[in-house]
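To keep things clear, I will list the structure first and then write my remarks on it.
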Amino acid sequence: MAPSEKLREKLPCYSRSASRRSFVKGLGAALPALAVPRWCFAEDATAAYANAAIGWKQFAGQTITLAGAIHPWSNAITPLLPDFTKLTGINVVPDFRLETTYLGALPVQLNRGDSTPDVFMFTTYGQGISAGWLEPLNAYYSDRSLTDLGWYDENDLLKTARAFPLWRGGERYAVPITSEAVTLFINGDVLAAKNLPVPRTFDELLLTANAVKTDEMSGIAMRAQAGGNSSPPAMSFVFSYGGVMVENNKAAFGSPEAIAAIEIYGQLLSQAGPGGVSGYEWYHVLDDFLQRRTAMAIDSSNFATDISNPARSHVAGQAVFAAFPHVAGRMSVPFMSHWQACINSRSRNKRAAFLFLLWATSKPTSLRTAAAGLATTRTSAWSSEAFKKAFGVQAAEAALTNLQNADVDRAKAILFHPQSRPILDAFMIGVNEVVTGARPAKIAMTNAAEKANATIRG
């Protein structure tokens with residue numbers, strides 16, 4: 001047995017003989033009852049869409065622009081766009097950019113009232129609704145000429161995906177397209193070489209990271225760049241220490257819980273992190289782990305597809321996926337989210353855009369994107385053999401554990417706040433100061449919260 005296999009056996013969510021039945025059982029424990037798909041990849045994909053009472057060709061000849069970040073979803077959906085055009089006659093022009101570039105440019109584009117992009121990946125839901133950028137979608141869902149709800153089967157969506165886009169009054173302005181939770185990744189061979197177990201608590205994580213670091217390999221890598229896009233791992237620490245990001249419309253990360261969380265976050269990266277970590281975004285973290293430059297990493301569960309791909313990863317055979325750590329005596333509360341796709345309220349092709357969203361998140365399309373390793377929003381796709389093969393059974397089980405432990409309301413409280421971006425920017429400036437040693441956690445996070453609250457007050 002390889003060292004990494006021995007380490008995996010110590011994981012509570014890992015089974016060397018994990019079967020489809022055990023995986024589905026675990027899925028059902030965290031999520032709604034599983035709806036097994038009535039088709040498979042051997043069948044003609046067109047037939048699956050023909051079963052819908054939808055006039056797929058009603059907008060033939062229109063062109064929509066699809067914008068987003070370079071991301072597992074964009075990578076999975078892009079090869080299928082010609083099939084959508086064949087089915088509907090609607091042309092799709094993709095525009096995918098590096099995530100930081102995309103998230104910086106999109107608000108500027110929407111704020112000036114551009115009619116494109118028609119459909120776009122989005123995260124700052126509250127800002128988009130308050131600014132009037134997002135088209136409300138409930139009327140489209142209830143339009144029988146556009147939507148066959150029986151065929152679309154919303155009960156097949158993960159529970160979190162059904163709840164995530166709901167705004168006050170039950171209106172929806174977005175369609176969830178992915179599912180992810182912050183996860184611990186481990187180079188199993190590195191820990192096994194020192195006979196170290198998978199760390200379960202934050203104190204154990206700090207000890208382990210320091211024990212395995214070398215001149216060539218950091219003990220742990222996480223995001224620390226002073227910008228809101230880097231916040232998910234650090235927010236997971238705050239939530240797991242019992243803190244929140246916002247409360248009663250005020251930034252709350254100057255609390256004792258948040259300060260303690262960011263203090264150990266800073267210790268991990270200052271003591272055992274890579275050189276230059278203060279500039280790290282998600283792609284730096286992923287690349288370090290793929291190239292064996294770090295023994296452990298904490299970031300999105302969606303990294304699993306790249307980590308398990310031998311063509312890209314030097315740790316494909318030894319990677320271990322684990323539950324997010326916790327404070328002794330408390331449950332872990334990793335940050336979770338669903339990337340969402342929205343329709344531009346100024347689009348000239350709104351109905352065609354909605355038809356695209358319906359197609360892109362339907363059961364048959366989700367099965368196909370899941371086969372590329374995408375963690376979709378559908379239980380049927382998560383339970384498919386093709387997804388488990390591409391994503392990895394153990395990686396999927398760890399992701400589900402972290403999704404189950406996450407707190408949707410805490411995540412929505414910050415993501416849906418109208419001032420989420422400046423709040424998150426202020427938060428990560430404080431985190432960055434702690435990581436670099438510029439300020440102690442108490443001062444950095446208190447100042448960060450005050451800065452965020454000044455923005456909220458206007």
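For Thr65, enumerate residues with amide H under 5 Å from its amide H, sequence gap 5+ or separate chain, H modeled in the peptide plane.
When sequence neighbours closer than 5 places are left aside, the close amide H contacts are Val93, Asp118, Val119.
Could you sort out which of Lys250/Lys442; Lys57/Lys363; Lys389/Lys412 sit more than 28 Å apart by Cα distance in this structure? Mind dumping the intermediate values first?
Details: Lys250/Lys442 18 Å; Lys57/Lys363 19 Å; Lys389/Lys412 31 Å.
Over 28 Å Cα-Cα: Lys389/Lys412.
How large is the accessible surface per residue of the stretch 287-416, computed with a 1.4 Å probe and reported in Å² as a whole number? Can you show the working numbers first?
Details: 3660 Å² over 130 residues.
Ligands and nucleic acids excluded, the result is 28 Å² per residue.
Local charge sum around Glu257 (other residues, Cβ-Cβ under 14 Å, Lys/Arg +1, Asp/Glu -1)?
Working: positive: Arg330, Arg410, Lys442; negative: Glu247, Glu263, Asp407.
Its environment carries a net charge of 0.
For the chain, what does the alpha-carbon gyration tensor say about shape, rounded, prolate or oblate, given a ≥ b ≥ c as the root eigenvalues, a/c under 1.5 as rounded, and a/b over b/c as prolate? Mind showing how you got there, number by number?
Working: a/c = 1.94, a/b = 1.29, b/c = 1.51.
Oblate, since a/c reaches 1.5 and b/c is not below a/b.
What is the distance, in nm, between label points placed 7 Å from the Cα along the Cα-to-Cβ direction at Arg457 and at Arg348?
4.6
First compute the accessible area of the stretch 73-204 with a 1.4 Å probe, then give the percent of it belonging to carbon and sulfur atoms.
Details: 2630 of 5240 Å².
Its accessible area is 50 percent carbon and sulfur atoms.
Work through the residues other than Leu166 whose Cβ is under 14 Å from its Cβ and net out their charges, Lys, Arg +1 and Asp, Glu -1. Before the final figure, lay out the partial values.
On the way: positive: Lys159, Arg162, Arg168, Arg172, Lys412; negative: Glu154, Glu171, Asp409.
Neighbour charge sum, excluding Leu166 itself: +2.
Using only Cα positions of the stretch 376-445, each an equal point scatterer, no hydration layer, compute I(q)/I(0) via Debye at q = 0.23 Å⁻¹ and quote the log10 values to two decimals.
Those come out to -0.94, one per q.
Counting Lys and Arg as +1 and Asp and Glu as -1, what is the net charge of the other residues whose Cβ lies under 15 Å from the Cβ of Asn138?
Working: positive: Arg144, Arg162, Arg168, Arg172, Lys350, Arg351; negative: Glu135, Asp143, Glu154, Glu171.
Cβ neighbours under 15 Å give a net charge of +2.
What's the carbon and sulfur percent of the stretch 333-423's accessible surface, probe 1.4 angstrom, rounded to a whole number? Walk me through the numbers before you get to the answer.
Numbers: 1010 of 2240 Å².
So the carbon and sulfur contribution to the accessible surface is 45 percent.
State whether the stretch 227-288 is rounded, prolate or oblate according to the following rule on the C-alpha gyration tensor (a ≥ b ≥ c being the square roots of its eigenvalues): a/c under 1.5 gives rounded; otherwise a/b larger than b/c gives prolate, and the remaining case gives oblate. Don't skip to the end; give the middle numbers.
On the way: a/c = 2.74, a/b = 1.73, b/c = 1.59.
The shape class here is prolate.
With r as the distance between the Cβ atoms of Ala438 and Asn155 and R0 = 60 Å, compute the FRET efficiency 1/(1 + (r/R0)^6) and round to 0.05.
On the way: r = 50 Å, r/R0 = 0.83.
With a Förster radius of 60 Å, E is 0.75.
Give me the percent relative contact order of the chain, please, defined on Cα pairs under 8 angstrom at least 6 residues apart.
Details: 906 pairs, mean separation 117.1, N = 458.
The normalised contact order for the chain reaches 26 percent.
Put a dot 7 Å past each Cα toward the Cβ at Ala193 and Gln58; how far apart are the dots in nm?
6.1
Checking the a/c ratio against 1.5 first, then a/b against b/c, what shape does the Cα gyration tensor give for the stretch 207-349? Please report the intermediate quantities before stating the final value.
Values: a/c = 1.87, a/b = 1.14, b/c = 1.64.
Because a/c hits 1.5 or more and a/b fails to exceed b/c, the stretch 207-349 counts as oblate.
Give the distance, in whole Å, between the Cα centre of the stretch 401-425 and the Cα centre of the stretch 344-392.
23
With a point put 7 Å past each Cα toward its Cβ, work out how far Glu450 is from Lys389 in nm, to one decimal.
5.9
The values are calculated or read from the model by the stated rules, or taken from the named source; none is laboratory data. Bear in mind that the values here come from a model prediction, so they are computed numbers and not experimental data. Cβ sites come from the backbone with ideal geometry, for glycine too, and all protein chains shown count toward neighbours. The accessibility values were calculated without ligands, DNA or RNA, using every heavy atom of the protein model including side chains. Shrake-Rupley method; radii C 1.70, N 1.55, O 1.52, S 1.80 Å.
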